[in-house]
1. Considering only segment 11-39, how many residues are over 13 Å from Val53 (Cα atoms) and either touching a helix residue (DSSP H, G or I) at 6+ places or on another chain (Cβ under 7 Å) or hydrophobic (A, V, I, L, M, F, W, C) (or both)?
2. For a quick check of your reading of the model, give me the residue pairs whose first member lies in segment 18-35 and is without any contact (Cβ under 8 Å) to a residue 40 or more places away in the chain and surrounded by 14 or more Cβ atoms within 10 Å (Cβ to Cβ), whose second is of a type in the set (A, V, I, L, M, F, W, C) and not in a strand (DSSP E or B), with beta-carbon atoms closer than 8 Å and at least 6 apart or on different chains.
3. Counting only residues that are of a type in the set (D, E, K, R) and out of contact with any strand residue (DSSP E or B) (no Cβ under 9 Å at 6 or more places or on another chain), which one in segment 90-134 is modelled with the lowest pLDDT?
4. Return a yes/no flag: does segment 99-113 have any residue that is crowded, with 18+ Cβ neighbours inside 10 Å, in the same structural domain as Thr47 (by TED's automatic domain parsing), in contact with a Ser or Thr (Cβ under 9 Å, 6 or more places away or on another chain) and among the aliphatic types (A, V, I, L, M).
5. Given (1) at pLDDT below 85; (2) touching a helix residue (DSSP H, G or I) at 6+ places or on another chain (Cβ under 7 Å), where does Lys221 come up short, assuming only one miss?
6. Among the listed residues Leu172, Leu179, Leu168, Leu147, which satisfies the condition of being touching a Pro at 6+ places or on another chain (Cβ under 9 Å) and part of a helix (DSSP H, G or I)?
7. I'd like to know if segment 85-100 contains one or more residues that are without any contact (Cβ under 8 Å) to a residue 60 or more places away in the chain and in a loop (DSSP other than H, G, I, E, B).
8. Looking only at segment 162-189, count every residue that is free of Cβ contacts under 8 Å to residues at least 24 places away in the same chain and under 25 Å from Ser125 (Cβ atoms) and tell me the total.
Amino acid sequence: MEQHDSPIRLTILPENQVVEVVLPITLMEVLAEAGIALTAPCAAQGTCGKCLVQIERGKSTESLSPPTGLELELLTSRRLRDGFRLACQSQVRADTTVSIPPTSRASEMRILLGGASRKVTLEPSIVKRFVRLPPQQLEGAFAEINLLKDVLDLRADLRADYAILRELPIILQQTNRQLTVSTCEDRIIALEPGDTADGVYGLALDVGTTTVVGVLMGACKTWGSPPSFTCAPRLSSFP
């Protein structure tokens, strides 16, 4: 690694802020440490060309690493001659002055937490129902799965795979014939002991250009009425 007798200094314009640099480091990293955020929707991968800065004329080749292949693709030869570089691709090598255009500065990103709302009637594909199966009688006994279908009374073509058929009598014996049934359109997809019908969750996603916001929703559902969703106090963003 190249040794320097004195610290490398970077002057940032128009703030006229001078910072000392510890190598190896990119221009973007130096600016971030100085509290200046640049626009970088590509996460500093050098593919968006948004973190454009200008080095003091005539010193770009001396004070920074040579332009990368990505910079040669995104920047014209004239811009390179004028000292324009991508901050995420440029390694600092010597004292220099960098000017940051307003268009390269990152505006403060805020996640909207409120706004107008309205009630929405949901029609989810997956539904949970709590049921109590009547006891079997010696006369007129049904297969348990057929009895379950009759009690659910959802649709005539409701079906279940072998795993459900094997699990059903075990749960009925353990829970005094009370269970929660999850269905997806024409299929029974899960059985749970007892009443877990209120344990329904959904994930609402807002996919933006540079940010994905997710809200975990808890669904409160009663028999015969559509589920009403309320926001749970869990919010995450993924830049």
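The values are calculated or read from the model by the stated rules, or taken from the named source; none is laboratory data. Bear in mind the structure is a predicted one, so any value in this text is a computation, not a measurement. Here the Cβ positions follow ideal geometry from the backbone for every residue, glycine too, while neighbour counts run over all protein chains shown.
1. 8
2. Val19/Val30; Val19/Ala34
3. Filtering first and then ranking leaves Glu108.
4. Looking for residues that are crowded, with 18+ Cβ neighbours inside 10 Å, in the same structural domain as Thr47 (by TED's automatic domain parsing), in contact with a Ser or Thr (Cβ under 9 Å, 6 or more places away or on another chain) and among the aliphatic types (A, V, I, L, M), one finds none in segment 99-113, hence no.
5. Only one criterion in (1) at pLDDT below 85; (2) touching a helix residue (DSSP H, G or I) at 6+ places or on another chain (Cβ under 7 Å) is unmet by Lys221, namely (2).
6. Selected residue: Leu147, the only one of Leu172, Leu179, Leu168, Leu147 that is touching a Pro at 6+ places or on another chain (Cβ under 9 Å) and part of a helix (DSSP H, G or I).
7. Checked against the condition, which is being without any contact (Cβ under 8 Å) to a residue 60 or more places away in the chain and in a loop (DSSP other than H, G, I, E, B), segment 85-100 yields no hits at all.
8. Number of matching residues: 5.
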